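Chemist: Can you keep this structure in mind? I'll have questions shortly.
The values are calculated or read from the model by the stated rules, or taken from the named source; none is laboratory data. No experiment lies behind these values; they were computed from the predicted model shown. Here the Cβ positions follow ideal geometry from the backbone for every residue, glycine too, while neighbour counts run over all protein chains shown. Ligands, DNA and RNA are stripped out before the accessible areas are found, and what is left, the full protein with its side chains, is counted by its heavy atoms. Shrake-Rupley method; radii C 1.70, N 1.55, O 1.52, S 1.80 Å.
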Amino acid sequence: MSLVSAADQAPPPAAAPPFAGLRIWFTMLAICLEERLVYRGDFIIGTLMRFLPIVTQVFLWTAVFNATSKADIAGYSRNDIVAYYLLTMVTRAFSSMPGLSGGIARSVRDGSVKKYLVQPVDYVGYLMAARIAHKLVYYLVAILPFAGVFYVCRSYFPPVPDAVTVVAYVLSLTLSFLLGFFMEATLGMLGFWFLEVSSIIFAYMLVQYLLSGHMFPIDMLADIPTGIAGVSAAEVVRWLPFEYTAYFPAAVWLGKIQGATLARDLAIEAGWVVVMAVACRIAWWRGTRRYSAFGG
Amino acid sequence: MNRYLSIFLTFARACLVRDMTFRANFLLECVTSLGWMSMNLAFYVLIFTFTSEIGKNTGWSKEPFFAFVATGLIINSIVQALFMPSAEELTEMVRTGGLDAVLVQPLDAQFMLSMHRVDFSSFANGLVGVGLLGWAVSRMDYQPSPVAWLLYPLLILCGVAILYSLIIMLAAATILLGRNQSLYDFWFYLTNFSRYPAEIYSGPWGGPIRMLCTFVIPILLVVNVPARVIAMPLSGESWGLIAAALIAAAASLLISRLVFQAALAKYRSASS
């Protein structure tokens, strides 16, 4: 039986020739791409199925609009709501990281994380490459069902926004990918401290689902009191990072956030990415320092 | 029949003993399902801050709608507690050959495969459902008649039977395909259509969906019929729906049984 202390096996500093790191990273990306393409059939069916819950949401909101005489709810017309749900699907395609935190925690628990400690490969970098590969394949296959659904539902969308908004939208989506990645990776790293993190992941998913705008646009919380005078539930949610993983990009495309507010919110989103990336690094350093693995 | 009942009770007792051995885990599972449920309830409460009714003149105002939600909670918790854990295991059993051990036992395979595990923590949602039903009914303008109260449990059973048949059909698909990791996904996406009153499915797209989910896959009858009986006066249409639910429950049990038997006949062991 051998004992591997993580502190003795910390990843070596990058003393390799220039671009060697980049080459390794691209090799990892290529491996992961091939791995993912094996299950392309599953992907297509899975993606189409994911639109089904939206169908019920659309009918539910249509019924709500039929029953009230209002033309809009919290600034959203019925068409806006349909477009909003479809757009949050796009954001979730970028920001959701199925299996990331669970996978990290499992690799800590079963000890497979130690291979990244002894190899000249950065674990977080590897996870990022794997995730980008996963996402690229996903988009490659999912573009068909997505395009089909969006074409059928094109009448619900407002006209294509101006170039600035489109650029801001793409930026917000990219940041939402990074934010989602670092949030879930940090969560998975908690496995170094608590061997079983499934309940923490569950609590995170619950909060995420409710506060990200996945269920309804955050604007709808504007009139919900929090008990603190003058502070609505929407304002509390605005202080948290979750809304950037579903609500924010969708709201940008629909023109709900514009001008100086848009620039400020994009900066806040970028700030959250930096905060979570640093948190993830710290968790990795501290975690590997206390990690010990037994066995061969 | 008595033999099956006593075997089922033995299974249930074993599962209860197991759950109580890991009490913290059991409580955590209860909290888990209660967490998801509260989130959905919060969403419905939010919707009713914007409208007084789901669909114009459908009668699904706040209290009747929450009676509907409560009915859904009760039915789903029964299904999740009694059948779903066993069905989830089946996926793995087909792949590993563990199914063989079930087939050689002197018991009905469908019984063994769909009822050998009971998840008691799922009853937590059902209990909340019963409480919610009591709250909603006591606040409704319309009070259900004794006939409605008598029919309600029967129709809940019909709903459970329809969902059970759906699980059995998906299980049969698992056996035929050898591998069906998305059994639970299919289940989630299909039952999603039963979550809201059938009246919301109207218009050029909604009409066909309503027909399909009533007559082909009778998923819309599961919650709608009992909820309507308890939340709205019994009318001619209600009696038609009650008859439809009874027929659908009987037919789906029969068809799923036949499909399951046919799937088992085609099963080829994966182990040596």
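Chemist: Could you list, in sequence order, all residues of the range B:251-272 that are open to solvent by less than 60 Å² (accessible area, probe 1.4 Å) and in a helix (DSSP H, G or I)?
Modeler: Within the range B:251-272, B:Ala251, B:Ser252, B:Ser256, B:Val259, B:Phe260, B:Ala262, B:Ala263, B:Leu264 qualify.
Chemist: Could I ask something else about it? So A:Leu262 fits all but one of (1) touching a residue at least 12 places away in the same chain (Cβ under 8 Å); (2) more than 26 Å from A:Ile81 (Cβ to Cβ); (3) surrounded by fewer than 22 Cβ atoms within 10 Å (Cβ to Cβ); what number is the exception?
Modeler: So A:Leu262 meets the others, but not (2).
Chemist: Let me ask something additional. Might you check whether a residue that is within 20 Å of B:Ser77 (Cα to Cα) and facing chain A (nearest Cβ under 10 Å) occurs anywhere in the range B:196-215?
Modeler: So far as the range B:196-215 goes, yes, one or more of its residues are within 20 Å of B:Ser77 (Cα to Cα) and facing chain A (nearest Cβ under 10 Å).
Chemist: Just need a number here: residues in the range B:42-63 that are more than 7 Å from chain A (Cβ to nearest Cβ) and touching a residue at least 60 places away in the same chain (Cβ under 8 Å).
Modeler: Number of matching residues: 4.
Chemist: Continuing with the same structure: Return the only residue of A:Ile201, A:Ile218, A:Ile224 being without any contact (Cβ under 8 Å) to a residue 12 or more places away in the chain and at negative phi.
Modeler: Values: A:Ile201 fails: without any contact (Cβ under 8 Å) to a residue 12 or more places away in the chain; A:Ile218 fails: without any contact (Cβ under 8 Å) to a residue 12 or more places away in the chain.
Unique residue meeting the criteria: A:Ile224.
Chemist: Something else now. Could you tell me which numbered condition B:Val102 fails, if it satisfies all but one of (1) surrounded by fewer than 22 Cβ atoms within 10 Å (Cβ to Cβ); (2) within 14 Å of chain A (Cβ to nearest Cβ)?
Modeler: The one condition B:Val102 does not meet is (2).
Chemist: Could we say that B:Leu73 is assigned to a helix (DSSP H, G or I), of a type in the set (A, V, I, L, M), within 21 Å of B:Ser138 (Cβ to Cβ) and under 20 Å from the mean Cα position of the chain (by Cα) here?
Modeler: Details: assigned to a helix (DSSP H, G or I): yes; of a type in the set (A, V, I, L, M): yes; within 21 Å of B:Ser138 (Cβ to Cβ): yes; under 20 Å from the mean Cα position of the chain (by Cα): yes.
Yes, satisfied.
Chemist: Now for a different question. Could you please let me know if B:Ser138 is open to solvent by 50 Å² or more (accessible area, probe 1.4 Å), modelled with pLDDT of 90 or more, in a helix (DSSP H, G or I) and small (Gly, Ala, Ser)?
Modeler: Numbers: open to solvent by 50 Å² or more (accessible area, probe 1.4 Å): yes; modelled with pLDDT of 90 or more: yes; in a helix (DSSP H, G or I): yes; small (Gly, Ala, Ser): yes.
Spelling it out, B:Ser138 is indeed open to solvent by 50 Å² or more (accessible area, probe 1.4 Å), modelled with pLDDT of 90 or more, in a helix (DSSP H, G or I) and small (Gly, Ala, Ser).
Chemist: Among the residues in the range A:80-99, are any small (Gly, Ala, Ser), open to solvent by less than 20 Å² (accessible area, probe 1.4 Å) and under 19 Å from A:Ile132 (Cβ atoms)?
Modeler: Pass one, the range A:80-99, residues small (Gly, Ala, Ser): A:83, A:93, A:95-96, A:99.
Then drop every residue that is not open to solvent by less than 20 Å² (accessible area, probe 1.4 Å), which leaves A:83, A:93, A:95.
This time we only want the ones that are under 19 Å from A:Ile132 (Cβ atoms), so: A:93, A:95.
For the range A:80-99, residues small (Gly, Ala, Ser), open to solvent by less than 20 Å² (accessible area, probe 1.4 Å) and under 19 Å from A:Ile132 (Cβ atoms): present.
For (1) away from every other protein chain (no Cβ under 13 Å); (2) open to solvent by 60 Å² or more (accessible area, probe 1.4 Å); (3) of a type in the set (S, T, N, Q), each residue gets a yes or a no:
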residue	(1), (2), (3)
A:Val197	no, no, no
A:Leu206	no, no, no
A:Leu211	no, no, no
A:Pro217	no, no, no
A:Asp223	no, yes, no
A:Ser232	no, no, yes
A:Val237	no, no, no
A:Pro241	yes, no, no
A:Thr245	yes, no, yes
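Chemist: Of the residues that sit in the range A:89-126 and are hydrophobic (A, V, I, L, M, F, W, C) and in a loop (DSSP other than H, G, I, E, B), which one is modelled with the lowest pLDDT?
Modeler: As a first pass, look at the range A:89-126 and keep what is hydrophobic (A, V, I, L, M, F, W, C): A:89-90, A:93-94, A:97, A:100, A:104-105, A:108, A:113, A:117-118, A:121, A:124.
From the residues that got through so far, the ones that are in a loop (DSSP other than H, G, I, E, B) too are A:97, A:113, A:121.
Values: A:Met97: 92, A:Val113: 87, A:Val121: 80.
Checked the range A:89-126; the qualifying residue modelled with the lowest pLDDT is A:Val121.
Chemist: Here is a follow-up. When you check B:Phe26 against the structure, is it in contact with a helix residue (DSSP H, G or I) (Cβ under 6 Å, 6 or more places away or on another chain) and crowded, with 16+ Cβ neighbours inside 10 Å, yes or no? Outline the logic, then answer.
Modeler: Details: in contact with a helix residue (DSSP H, G or I) (Cβ under 6 Å, 6 or more places away or on another chain): yes; crowded, with 16+ Cβ neighbours inside 10 Å: yes.
Yes: the conditions hold for B:Phe26.
Chemist: Residues being free of Cβ contacts under 8 Å to residues at least 40 places away in the same chain, in a helix (DSSP H, G or I) and either open to solvent by 40 Å² or more (accessible area, probe 1.4 Å) or touching a Gly at 6+ places or on another chain (Cβ under 8 Å) (or both): count how many of those fall in the range B:227-239.
Modeler: Count: 3.
Chemist: If you don't mind, another one. Select from the range B:1-18 the residues that are in a helix (DSSP H, G or I) and without any contact (Cβ under 8 Å) to a residue 24 or more places away in the chain and list them in ascending order. Working first, answer last.
Modeler: Quick first cut of the range B:1-18, residues in a helix (DSSP H, G or I) only: B:2-18.
B:Asn2, B:Arg3, B:Leu5, B:Ser6, B:Leu9, B:Thr10, B:Arg13, B:Ala14, B:Val17, B:Arg18, listed by residue number.
Chemist: Return yes or no: is A:Gly180 assigned to a helix (DSSP H, G or I) and out of contact with any Phe, Trp or Tyr (no Cβ under 9 Å at 6 or more places or on another chain)? Step through it out loud before you land on a result.
Modeler: Details: assigned to a helix (DSSP H, G or I): yes; out of contact with any Phe, Trp or Tyr (no Cβ under 9 Å at 6 or more places or on another chain): no.
Considered against the rule, which asks whether it is assigned to a helix (DSSP H, G or I) and out of contact with any Phe, Trp or Tyr (no Cβ under 9 Å at 6 or more places or on another chain), A:Gly180 comes out as no.
One line per residue, one yes/no per condition, for (1) crowded, with 16+ Cβ neighbours inside 10 Å; (2) on the phi > 0 side of the Ramachandran plot; (3) modelled with pLDDT under 90:
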| position | (1), (2), (3) |
| --- | --- |
| B:Asn2 | no, no, yes |
| B:Phe8 | no, no, no |
| B:Ala14 | no, no, no |
| B:Val45 | no, no, no |
| B:Trp60 | yes, no, no |
| B:Pro64 | yes, no, no |
| B:Phe83 | yes, no, no |
| B:Ala87 | yes, no, yes |
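Chemist: Can you tell me how many residues within the range A:266-294 are more than 17 Å from the chain's Cα centre (by Cα) and not β-branched (Val, Ile, Thr)?
Modeler: Qualifying residue count for the region: 13.
Chemist: When the range A:44-72 is examined, which residues are found to be more than 8 Å from chain B (Cβ to nearest Cβ), open to solvent by 30 Å² or more (accessible area, probe 1.4 Å) and not in a helix (DSSP H, G or I)?
Modeler: Those that are more than 8 Å from chain B (Cβ to nearest Cβ), open to solvent by 30 Å² or more (accessible area, probe 1.4 Å) and not in a helix (DSSP H, G or I): A:Ser69, A:Ala71, A:Asp72.
Chemist: Checking the conditions here, which among A:Ala147, A:Ala168, A:Ala130 is more than 14 Å from chain B (Cβ to nearest Cβ), surrounded by 20 or more Cβ atoms within 10 Å (Cβ to Cβ) and either among the hydrophobic types (A, V, I, L, M, F, W, C) or farther than 21 Å from A:Val252 by Cβ (or both)? Break it down into steps so the answer makes sense when it comes.
Modeler: Values: A:Ala147 fails: surrounded by 20 or more Cβ atoms within 10 Å (Cβ to Cβ); A:Ala130 fails: surrounded by 20 or more Cβ atoms within 10 Å (Cβ to Cβ).
One residue alone meets the criteria, A:Ala168.
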